[in-house]
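Structure, as structure tokens:
The values are calculated or read from the model by the stated rules, or taken from the named source; none is laboratory data. Just so it is clear, the structure is predicted and the values come from calculations on it, not from any experiment. Glycine also receives a Cβ, built like all others from the backbone with ideal geometry; neighbour counts cover every protein chain displayed.
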């Protein structure tokens, strides 16, 4: 009996029932067979060695596929575990997944001292084991057998994981002398792993629960070629130079204080200027697009978020309720702005002629992120969303959605983010319990998002399981200057919250109808956006955004008075900057201004005083010649014009 196999190019081939992915790859080309890592069968990623027993659409996965890399890195995590077990007998294992770049494994060394200095020996062992070309083999086991195996090993972490699994769904993977609990998939054998680098060691609570034991987490990355590892290491070095935490400190943009609280950023004067410039840019664009600004409180009654569904879905990720002296009265730090905006909509009756209503707010929200998940400005506990909610009639949804796409694209163009992917984030079709609302409304919202994206010519990719609990969305995955992907802007279609909040408008038929809600945030959050922007431009902000646009540098104290007049004249023109009248050599002043990434340095000495000019130096480009101050200001104005 044969099975029909549909290939990505649309062709269909027949193979004997039980054909393996490796055999299909060989039948297509020997070159493909040599680099094949896994196979996607009807959307499910599998080992190449697993038989295919029914008609299927398949794709052979290689290193060039995201799922291929993920399989490669998950297999590398098992290789790391094998090396650890060889070097540290008795080590216990938590979980070891693939991540966006590489993998990690959480381990318990039973109190043995361990640090980054130990990574080199583990790397060496991994390379030694990889050369053995050991096959990754899958084996179905009963729950009793699995529990017995890991109980005898004394690995309580695996025993706990197995306890939560259903009998009949448990599989082991083995390579060499190592056996692990795993659902797979894996690459064919360890020989594919040619280059290994263990990156760092961190602590991680078992299962992310602060009440559990702290395990040791080892991060690593592997490649099929040594050259690719060398290129990645170079990228890491460049990323270190651009790290927004490092530059944020050097450029005096933001800080954190243990006394204020973890994950609660303090915006310093220069960072506040940067942040306010971004806000002003978007406020101006929003006014042109017909938005009305609103302001809502930082807290809200717990019942507000119970109504919206946020408490049920995210209550455990929120700060604990605030109890007032009145019995039974509870408030929450605001985790979302949308429930507040729904209540603003309800402040008076609405007609179909009033719609769309566009409410915009730079609203600060609070989420209780685990301390181990906090990371600079990209993962914080208090952040400001450039949030807006559009209340419109069903017939207006696509038009309004397209207008928001245009606004997001304006933001990206203005800040130099030219490389992005539009991701249509859908429900997890296999686990709809995580979402609220009826199927036909979800399907309608998904269709409207795709049609709007198509009309704007966006190349989209659909991803299941990434929707908000109340509706699907269009997420913009932006690549920075180093090729790293970040999720920034988002637009969401929501038929559920208007229903929960009983929002209404009177239609042309004089009957009451329910509006549709569009959630949107072009920046996403100001904190995360600023972090990505810092790393994208390495702190070299566009002139219109730079906190300090100019530095006036007198060559010596003799020219301080003239320098002060120049500085004051520029300040009158609303040009931001500083006057460096320290008793330092001009070379030192220039170096300091370059380090601070100030776009323009205006140097004044005897010649400039006599000619009433300034010697212009541009950051990273050197001397630009001497000009009259008015001439400099005129050219500066042209270059400094904010986008619109």
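Mind listing whichever residues of segment 209-243 are in contact with a helix residue (DSSP H, G or I) (Cβ under 9 Å, 6 or more places away or on another chain) and part of a helix (DSSP H, G or I)?
Selection gives 239, 240, 241, 242.
Taking segment 353-395 only, how many residues are more than 27 Å from residue 287 (Cα to Cα) and either touching a helix residue (DSSP H, G or I) at 6+ places or on another chain (Cβ under 9 Å) or outside the structural domain of residue 506 (by TED's automatic domain parsing) (or both)? Walk me through it before giving the result.
Here is the first cut: in segment 353-395, the residues more than 27 Å from residue 287 (Cα to Cα) are 367-381.
When the remaining residues are screened for being either touching a helix residue (DSSP H, G or I) at 6+ places or on another chain (Cβ under 9 Å) or outside the structural domain of residue 506 (by TED's automatic domain parsing) (or both), the result is 367-370, 372-373, 375-380.
Residues in segment 353-395 being more than 27 Å from residue 287 (Cα to Cα) and either touching a helix residue (DSSP H, G or I) at 6+ places or on another chain (Cβ under 9 Å) or outside the structural domain of residue 506 (by TED's automatic domain parsing) (or both): 12 in total.
Surrounded by fewer than 19 Cβ atoms within 10 Å (Cβ to Cβ) and touching a helix residue (DSSP H, G or I) at 6+ places or on another chain (Cβ under 8 Å): which single residue out of 258, 276, 252 fits that description? Break it down stepwise before answering.
Values: 258 fails: touching a helix residue (DSSP H, G or I) at 6+ places or on another chain (Cβ under 8 Å); 276 fails: touching a helix residue (DSSP H, G or I) at 6+ places or on another chain (Cβ under 8 Å).
Of 258, 276, 252, the one residue that is surrounded by fewer than 19 Cβ atoms within 10 Å (Cβ to Cβ) and touching a helix residue (DSSP H, G or I) at 6+ places or on another chain (Cβ under 8 Å) is 252.
Residue 398 passes all but one of (1) touching a residue at least 40 places away in the same chain (Cβ under 8 Å); (2) surrounded by fewer than 18 Cβ atoms within 10 Å (Cβ to Cβ); (3) more than 25 Å from residue 285 (Cα to Cα); which number fails?
(3)
Take residue 548 and tell me if it is free of Cβ contacts under 8 Å to residues at least 60 places away in the same chain and either out of contact with any helix residue (DSSP H, G or I) (no Cβ under 9 Å at 6 or more places or on another chain) or not in a helix (DSSP H, G or I) (or both). Walk me through how you get there before you give the answer.
On the way: free of Cβ contacts under 8 Å to residues at least 60 places away in the same chain: no; either out of contact with any helix residue (DSSP H, G or I) (no Cβ under 9 Å at 6 or more places or on another chain) or not in a helix (DSSP H, G or I) (or both): yes.
Criteria not met by residue 548.
Give segment 362-380 a look and list any residue that's assigned to a loop (DSSP other than H, G, I, E, B) and surrounded by 20 or more Cβ atoms within 10 Å (Cβ to Cβ), or say none. So that I can check it myself, show each step before the final result.
Restricting attention to segment 362-380, the residues satisfying the condition of being assigned to a loop (DSSP other than H, G, I, E, B) are 367-370, 374, 376-378, 380.
If the condition is that a residue be assigned to a loop (DSSP other than H, G, I, E, B) and surrounded by 20 or more Cβ atoms within 10 Å (Cβ to Cβ), then 376, 377, 380 are the ones that fit.
Just to confirm my filter: which helices (runs of 4 or more DSSP H) fall fully inside segment 296-352 and include at least 1 residues that are touching a residue at least 60 places away in the same chain (Cβ under 8 Å) and closer than 12 Å to residue 497 by Cα?
Numbers: elements: 302-308, 310-314, 338-345.
Passing ranges, in order: 302-308, 338-345.
Looking at segment 290-303, which of the residues that are modelled with pLDDT of 95 or more and crowded, with 18+ Cβ neighbours inside 10 Å is farthest from residue 364 (Cα to Cα)?
This residue is 291.
Quick one: in segment 546-567, of everything that is out of contact with any strand residue (DSSP E or B) (no Cβ under 7 Å at 6 or more places or on another chain) and surrounded by fewer than 19 Cβ atoms within 10 Å (Cβ to Cβ), which residue is nearest to residue 640 (Cα to Cα)? I'd like the intermediate steps shown before the answer.
Of the residues in segment 546-567, the ones out of contact with any strand residue (DSSP E or B) (no Cβ under 7 Å at 6 or more places or on another chain) are 546-547, 556-558, 561, 565.
After this cut, where a residue has to be surrounded by fewer than 19 Cβ atoms within 10 Å (Cβ to Cβ) as well, the list is 556-558, 561, 565.
Details: 556: 29, 557: 30, 558: 31, 561: 27, 565: 22 Å.
It comes out as 565.
Within segment 1-78, which strands (runs of 3 or more DSSP E) (wholly inside it) include 3 or more residues that are loosely packed, with under 14 Cβ neighbours inside 10 Å and free of Cβ contacts under 8 Å to residues at least 40 places away in the same chain? Break it down stepwise before answering.
Numbers: elements: 2-6, 12-16, 38-41, 44-46, 56-61.
Strands (runs of 3 or more DSSP E) meeting the threshold: 12-16.
Kindly list the number of the only condition in (1) assigned by TED's automatic domain parsing to the domain that holds residue 525; (2) touching a helix residue (DSSP H, G or I) at 6+ places or on another chain (Cβ under 7 Å) that fails for residue 284.
Going through (1) assigned by TED's automatic domain parsing to the domain that holds residue 525; (2) touching a helix residue (DSSP H, G or I) at 6+ places or on another chain (Cβ under 7 Å) one by one, residue 284 breaks only (2).
Is there a residue in segment 234-243 that is under 28 Å from residue 121 (Cα atoms) and touching a strand residue (DSSP E or B) at 6+ places or on another chain (Cβ under 9 Å)? Working first, answer last.
Filtering segment 234-243 down to residues under 28 Å from residue 121 (Cα atoms) leaves 234-241.
Now narrow it down to the ones that are touching a strand residue (DSSP E or B) at 6+ places or on another chain (Cβ under 9 Å): 236.
Yes: segment 234-243 contains one or more residues that are under 28 Å from residue 121 (Cα atoms) and touching a strand residue (DSSP E or B) at 6+ places or on another chain (Cβ under 9 Å).
Any idea how many residues of segment 468-486 are out of contact with any helix residue (DSSP H, G or I) (no Cβ under 8 Å at 6 or more places or on another chain) and free of Cβ contacts under 8 Å to residues at least 60 places away in the same chain? Reasoning before the result, please.
Step one: list which residues in segment 468-486 are out of contact with any helix residue (DSSP H, G or I) (no Cβ under 8 Å at 6 or more places or on another chain), which gives 468, 475, 477, 479, 485.
If we keep only those that are free of Cβ contacts under 8 Å to residues at least 60 places away in the same chain as well, we get 468, 475, 477.
Matching residues across segment 468-486 total 3.
Can you pull out every residue in segment 79-105 that is surrounded by fewer than 20 Cβ atoms within 10 Å (Cβ to Cβ), free of Cβ contacts under 8 Å to residues at least 60 places away in the same chain and assigned to a helix (DSSP H, G or I)?
Within segment 79-105, just 87 meets the criteria.
Only one of 533, 570 is assigned by TED's automatic domain parsing to the domain that holds residue 367, crowded, with 19+ Cβ neighbours inside 10 Å and part of a helix (DSSP H, G or I). Can you tell me which? Give the derivation first.
Values: 570 fails: assigned by TED's automatic domain parsing to the domain that holds residue 367.
When all the criteria are applied, what remains is 533.
Within segment 503-529, work out how many residues are over 16 Å from residue 387 (Cα atoms) and either without any contact (Cβ under 8 Å) to a residue 60 or more places away in the chain or not in a loop (DSSP other than H, G, I, E, B) (or both).
So the count comes out to 9.
Condition check: within 21 Å of the chain's Cα centre (by Cα) and surrounded by fewer than 22 Cβ atoms within 10 Å (Cβ to Cβ). Does residue 538 satisfy that?
Against the criterion (within 21 Å of the chain's Cα centre (by Cα) and surrounded by fewer than 22 Cβ atoms within 10 Å (Cβ to Cβ)), residue 538 qualifies.
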